[in-house]
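Single-structure report; data block below.
Each value in this text was obtained by applying a stated rule to the coordinates, not by laboratory testing. Because the structure is a prediction, the values reported are computed rather than measured. Here the Cβ positions follow ideal geometry from the backbone for every residue, glycine too, while neighbour counts run over all protein chains shown.
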Amino acid sequence: MTLKSEQDWKDIVHRCFRCGYCKFTYDYSDFNCPSYKKFRFETYSTGGRLWLIYGLISDEISWSQDVANVLYACSTCGNCSENCRFDKFNDLLVDIIEAARAEAVEKGFCPEKQKALIERTENPEMYNPYGEQNSDNENLKKEYNLPDKAEWVYYIGCTSNYRQKNLRDATLRFLKKANIDFTLIDEHCCCSPVMRTGQINSVKDFISYNIAQINHAGASKVITSCAGCYRTLKKDWLKYGADYAFQIYHTVELLNELLDEGKLKFQSEYNKTVTYHDPCHLGRHMGIYEVPREVYKQIPGIKLVEMKRNRENAWCCGAGGGVKIGYLEWSVEVSKERLEEAKKTGASVISSVCPFCRTNLSDANDKFDMNFEVIDLIEIIDKLDFEITDTRH
Amino acid sequence: MNEKKILKELEDIVGKDFASNRSEDLYIYSQDPGASIPRPANFVVMPNSPKEVQDILRLANREKVPIVPMGGGLTLSGLVIPVKGGIVMDMKRMNKILEINELSRFALVEAGVTSGQLLAYLNENHPRLQPPIPDAPPSVTIAGNALIHGSGYLSQRFGDHGSMINGLEVVLPDGELYKLGSCAVSDYWFTRGPIPDFIGLFISSFGTIGVITKLSIKLFPKPKMRAIVFGLCKDPNILPELISNITFTDIAEDILLGIQDKPDWMKGYTFIIVYITGESEEELNNKTKILKKMYRKGKSRYMKVPKRIEDIFLEKPQFAAKAADFRKGGGFEYVGAYIPLQLIPEIIKIGIDISLKHGIVPTLGARLIGQGHAAMFFISYSFNRADPKDMKNAREALHETNNAVLEIGGIPWKAEVEGQQLILEKMDPNYKKLLKSIKNLLDPNGIMNPGNWEVK
């Protein structure tokens, strides 16, 4: 799916007028494109990138490492798609940037740091972008007494499995307490990081492998606690031609369903002021804004407050699109801005439903001594007493 | 030109991150979204203070390197394309709103403040005030728009946005900082006079005299309610008098005209779009009644439109850039002609004829300026950015339109370099002489946006 292999891109990239709506929030009160806000040259706005891509397609400019670096200095947060005013074009902006990255990879211009993602992911000892020994999850299955076959598969995702184990364990404990008939698979990376960075050669193999594992477990439903995995399984796998019959859930959707049906009842309180950070992969990319909020609101004692930029206009955490590995310092600066915004709400807790956001917000919190509690929704619920009734799903 | 040395000096002034001669940056800054032919820039620089602007101008003057100041870069007529290369100075890092004076109603802003930024800031912090903003996207700058004699919201009632400038801080090629307007005498940036008024030198001179670092612009009371009363007119010949009569009533905040051949049902009509304001529904209803009556008497018709259409026109700023997508081609440029009202029928004919001749769907319109003293009449040509022949066709249409506008007595607004030359050809020789003298006096090395307003 590179620029030149996809006729569609060639035919539409020049539609970008570079009007600049893509840089802003909906009310123009701030720049909401992390890349433009950081680098400030027009080159680093989405319009600038699309014009560069058009320049590459039309041979007005040549590929170089510097050009590729501009394409990679973007967290693919989707603010541009949200605010671009050109219908039926705006939806494609992030896809076009990713396609251009794939072309950069093909031409040999993938930046070195991002290359590590594919080297680790394709390594048969790892199959994850973190360079950790692959966990086949057998130990966890034993620890939680999980069957080989079940109605649900909990697709943990690499970030939760290797970096945010508390989030993973909280999810496992919740699913057990909720009597969900679930199991784990020997999962390999969902491929979100390599797709986002254009390193797509082996993506189809990974998808096929994971689908086979899920099918082998006999599952009709897959649940994940990661916004990135959720987007990838539900959207990207299909784009790559995957054919599967199971349904994809984010944990927050299950929680909301159980609460709506009166099957989940909290018996203790969480007496804190919490602000919710919309993960780009769940919000702008998948359109899920209210479901998590509904769940937070039903937790007794919680005071949910909104940051100025929320929902479609949320400020990105800065970790996505390969930015965390490619531009570590900038990535944390982006999260710092989010925490500063959260500070203004009076919240002591910033919470999200994505291990990747959790990691980056925590890194900024530690680095800049922001004194927040950074916690995932499922970890909040893990702290609470609750009663579950009749959860046959 | 010793590019390495100049880049090093620029980096020393603004920091390494904000000076560039990388090919990807130069590619972007060598073109604009209009139909003009790109010209290569040598450097792009983003200053963050008047002091940095001064240092850059001293460097450029010493090295005789052209300087092209840039705001939003969306004039469409290539005014920020470096005709003779040099340094493109993107002002958007200078983006502080320095003061809002509620009582005397002005905003003091740095040159890189965008129209979207000021609009949002006032909405949140000074909801009783509204700024003059153009129909351009929110990424254009307040300074850039005012300095090209821009028009937009509130132009019918209060004049073009250039006339709303109270004061400027400018850096001239000698590197000195000058304050113009009341700020030269007082701490308040509240008026242009009563001292000799040099501000006009910087309006529509397209960066050929100096670089603006700060600007004070008038703000206006924001009415509680706004609505639009649409009218429909078949015969363009009745428009001058009808519009003039509407302005006599003093009820129109803004007046727009729209003429389009597509969709088909719009062909052959002029749409009159009158913005009214009020403190109550009753006031709006009364004004609507007056306008309905005027439309009837003026051989036109009142037109009821769905709320969603009205909302499109009420949005601030309007999404005028949609014209770039009419043909899914990503480009449009227009001749915006300043004309006296009596030329409206003639310019409509010119616009339609030239559009059809070039195979472009006629898309014309106007904004009334200053209670009927003038109209900014635009004739827009959309093109496909990926098709060089189509872009050439648009350039030819623009050139013909500029010629035709000048012939009937109008003046092309923010004209591209070729259009400026047409204006100069028609200009009173002594005006040209004066222009050249002032330019030579203030910019003896000719570093300021050379190629523009070049008196040969």
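Relative to the dominant Cα principal axis of chain B, helix B:50-63 is inclined by about 60°.
Each Lys or Arg adds one and each Asp or Glu subtracts one; over the other residues with Cβ under 12 Å from the Cβ of A:Tyr327, this totals +1. The long axis of helix B:3-14 is offset from the longest Cα principal axis of chain B by roughly 70 degrees. Give the calculated FRET efficiency between B:Lys433 and B:His373 to the nearest 0.05, with a Förster radius of 45 Å applied to their Cβ-Cβ distance. Calculated value: 0.95.
At a 10 Å Cβ-Cβ cut-off, how would you order B:Glu52, B:Glu9, B:Glu416, fewest neighbours first? Intermediate results must be reported in sequence, preceding the final value.
Numbers: B:Glu52 22, B:Glu9 19, B:Glu416 28.
So the residues, fewest neighbours to most, are B:Glu9, B:Glu52, B:Glu416.
The convex hull drawn around the Cα atoms of the stretch B:1-142, when projected onto a plane and averaged over every direction, covers 9.2 nm².
What pairs from A:Lys343/A:Lys367; A:Lys141/A:Lys176; A:Lys308/A:Lys383; B:Lys224/B:Lys293 go past 18 Å between their alpha carbons? Walk me through the numbers on the way to the answer.
Values: A:Lys343/A:Lys367 16 Å; A:Lys141/A:Lys176 11 Å; A:Lys308/A:Lys383 28 Å; B:Lys224/B:Lys293 24 Å.
Pairs exceeding the cut-off: A:Lys308/A:Lys383; B:Lys224/B:Lys293.
Between the residues A:Thr224, A:Val70, B:Val65, the greatest Cα displacement towards the positive end of the dipole of the protein assembly as shown, with unit charges on the Cβ of Lys, Arg, Asp and Glu, is found for B:Val65. Which residue, A:Asn90, A:Asn137, A:Asn145, has the most motion in a Gaussian network model of chain A that connects Cα atoms within less than 10 Å? Taking springs between Cα atoms under 10 Å, the residue moving most is A:Asn145. Within the stretch B:3-90, what percent of beta bridges assigned by DSSP are antiparallel, to the nearest 5? DSSP beta bridges in the stretch B:3-90 are roughly 20 percent antiparallel. D by Stokes-Einstein for the stretch A:122-257, Kirkwood Rh over Cα pairs, 20 °C, 1.002 mPa s: 144 µm²/s. Springs join every pair of Cα atoms under 10 Å in this Gaussian network model of chain A, and among A:Tyr296, A:Tyr244, A:Tyr155 the largest mean-square fluctuation is at A:Tyr244.
Sort A:Cys226, B:Cys233 so the one with the fewest other Cβ atoms within 10 Å of its own Cβ comes first. Before the final figure, lay out the partial values.
Details: A:Cys226 34, B:Cys233 22.
The order, fewest Cβ neighbours first, is B:Cys233, A:Cys226.
Length available on full extension from A:Lys149 to A:Lys308: 0.36 nm per residue minus the Cα-Cα distance, which gives 52.7 nm.
Counting only other chain Cβ atoms within 10 Å of each residue's Cβ, the peptide A:28-41 averages 4.
Rounded if a/c is under 1.5, else prolate if a/b is larger than b/c, else oblate: which is the stretch B:320-424, with a ≥ b ≥ c the root eigenvalues of its Cα gyration tensor? Note, shape of the stretch B:320-424 comes out prolate. In summary, the protein assembly as shown shows an alpha-carbon radius of gyration equal to 1.04 times the 2.2 N^0.38 Å reference for compact globular proteins.
Kindly identify the stretch A:317-393 as rounded, prolate or oblate by the Cα gyration tensor criterion: order the square roots of the eigenvalues as a ≥ b ≥ c, call it rounded if a/c is under 1.5, otherwise compare a/b with b/c, prolate if a/b is larger, else oblate. Working shown, then result.
Numbers: a/c = 3.24, a/b = 1.72, b/c = 1.88.
In terms of gyration-tensor shape, oblate.
Summing +1 for each Lys or Arg and -1 for each Asp or Glu among the other residues whose beta-carbon sits under 11 angstrom from that of B:Tyr29 gives -3. Mean residue ellipticity, 222 nm, helices only, chain B: the sum of -39500 (n - 2.57) across DSSP H runs of n ≥ 4, divided by residue count and rounded to 500, is -10000 deg cm²/dmol.
Scaled to the globular estimate 2.2 N^0.38 Å, the Cα spread of the stretch A:263-383, given as radius of gyration, is 1.02. Once the gyration tensor of the Cα atoms in chain A is diagonalised, the equivalent ellipsoid follows with semi-axes of 34, 26, 18 Å, ordered largest first. Kindly identify the stretch B:225-314 as rounded, prolate or oblate by the Cα gyration tensor criterion: order the square roots of the eigenvalues as a ≥ b ≥ c, call it rounded if a/c is under 1.5, otherwise compare a/b with b/c, prolate if a/b is larger, else oblate. Verdict is oblate for the stretch B:225-314.
Taking the Cβ of each residue in A:Asp205, B:Asp254 as the centre, tally the other Cβ atoms inside 10 Å and list the residues starting with the fewest.
Values: A:Asp205 12, B:Asp254 23.
Fewest-to-most Cβ neighbours within 10 Å comes out as A:Asp205, B:Asp254.
What is the local net charge at A:Tyr162, summed over the other residues whose Cβ is closer than 10 Å to its Cβ (Lys, Arg +1; Asp, Glu -1)? Combined, the nearby Lys, Arg, Asp and Glu give +2. The alpha-carbon positions of the stretch B:97-221 define a convex hull whose volume is 99 Å³ per residue.
Angle of helix A:46-57 to the longest C-alpha principal axis of chain A, folded into 0 to 90 degrees and rounded to 10: 60°.
Can you tell me the dipole magnitude for the protein assembly as shown around its Cα centre, using point charges on the Cβ only (Lys, Arg +1; Asp, Glu -1), in Debye to the nearest 20? Write out the running numbers ahead of the final one.
Values: 107 positive and 110 negative charges, 400 e Å.
The dipole magnitude comes to about 1920 debye.
Distance between the modelled labels on A:Tyr244 and B:Asn125, one decimal in nanometres: 4.9 nm (7 Å Cα→Cβ projection). Quick check on chain B: what does the Kirkwood estimate of hydrodynamic radius come out to from the alpha carbon pairs, in Å? Roughly 22.8 Å, rounded to one decimal.
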